[in-house]
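Peer 1: Sharing a structure, written as structure tokens. Questions coming.
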């Protein structure tokens, strides 16, 4: 029986292997707009603004642009104002056209700007929400002249940004345009991640097939295979995801704990938790010890199936025998208790967090507080808010969760307590617009956010 199962698995692995050895790749490149320019936008004229506080490094020489022999400090002083002020203004900018033009201007004169990952992510996210793929393309294309003198991390970032904007064909084009020294396993993985983020499994498999075949120096790593497995789990094609483990081992790459954690999450999120036993057996065969994240997947699956007592038994086993449960472990069972209306047990488990050297977090409070309000236990909900603010427990919940507590206090004619909670929230940087005193809020929608 075991030999037959092994033979069947090997057959599936060979079948999956053929996906990546086909002679007809399907990676699509974007149709280029003839108006799109590859060179960076003109830099702004020097202004009288004092930018001496911007520490300088040498400005990378844009590819194909001459001359470019000035030091970075010479270029940085062309910024209209100090770099930190520019970054803050861009992050706050809501006009997509201004966002693009100001971003391109700053990024093409300052290497220090190009080192700031966060502003790139914010800009792409905001333009994506506006449906402005043209603006995203303008920003990323303006960075390409600096690839030659930047490290491969910068190249990988540009590729990933296209993925976050659901523009995987542009990510592929960017990879193929990279200087030879940047066509590496790192940038290959960035391309796979771009396809995964865009939900383009066909493009991902085509890239997995084509790129290592045409670039012998690029050898898929365990991270590469883990991206593939995660995508198959999301599809979901759990059988194929299991077969990738055999495929990677066939190519001399050993699966790691992240591989199996991904598989466990895939099985527990998409099917009966008991079917994940295959994954546990595979880990045992490879002498891999499961960590808390592996058991968190099991807890999540059991709770989703309503098997709360089974989940409680798993957590109890972790407390006794290990691995040591983490905050997420407790949050999963707290969520289960809350959904089952077993609030007393949820509160007891909350108290157990500190006893077991774990700290309540955002997910803990966003699960407990709304359910306590729904059950009419306003005193306990308020106490948890104070504990969250006190520093004894860590976490910063969504503003709406606090607002629901404020509204409930007002409805209960406990206006003074509501005002006190608002004042504390303001001191903790909750905005006046988001957290405020209101009139009766009966019927307001209570939140029961899930832990991430």
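Peer 1: Once R0 is set to 41 Å, what does the formula 1/(1 + (r/R0)^6) return for the Cβ-Cβ distance between residue 415 and residue 88, expressed as a FRET efficiency to the nearest 0.05? Mind showing how you got there, number by number?
Peer 2: Working: r = 37 Å, r/R0 = 0.90.
Here the calculated transfer efficiency is 0.65.
Peer 1: Work out the FRET efficiency for residue 433 and residue 375 from their Cβ-Cβ distance, taking R0 = 30 Å, and round it to the nearest 0.05.
Peer 2: Efficiency at R0 = 30 Å is approximately 0.55.
Peer 1: Determine the distance separating the Cα centre of region 291-331 from the Cα centre of region 419-436; give it in Å without decimals.
Peer 2: 35 Å
Peer 1: Now for a separate question. Under 8 Å for C-alpha pairs, at least 6 residues apart: give me the relative contact order for region 103-196, rounded to a whole percent. All intermediate terms of the calculation are to be shown ahead of the outcome.
Peer 2: On the way: 87 pairs, mean separation 25.5, N = 94.
Relative contact order of region 103-196: 27 percent.
Peer 1: Next up: Extending each Cα 7 Å along its Cβ direction at residue 149 and residue 98, get the distance between those two points in nm, one decimal.
Peer 2: Taking the simple label geometry, residue 149 and residue 98 are separated by 3.1 nm.
Peer 1: Go ahead and run the numbers for FRET between residue 121 and residue 277, Cβ-Cβ distance against an R0 of 41 Å, rounding to 0.05.
Peer 2: About 0.60, to the nearest 0.05.
Peer 1: While we're looking at this one, here's another question. If packing is taken as the average count of other Cβ atoms within 10 Å, what order do 410-421, 179-190 fall into, highest mean first?
Peer 2: Descending packing order for the listed peptides: 179-190, 410-421.
Peer 1: Which whole-angstrom value gives the distance between the alpha carbon centres of region 181-216 and region 73-148?
Peer 2: When both Cα centres are located, 26 Å separates them.
Each reported figure results from applying straightforward, stated rules to the coordinates on display, with no laboratory input. Not measured: the values here are computed from a predicted model. All Cβ positions, glycine included, derive from the backbone under ideal geometry; neighbour counts span all protein chains shown.
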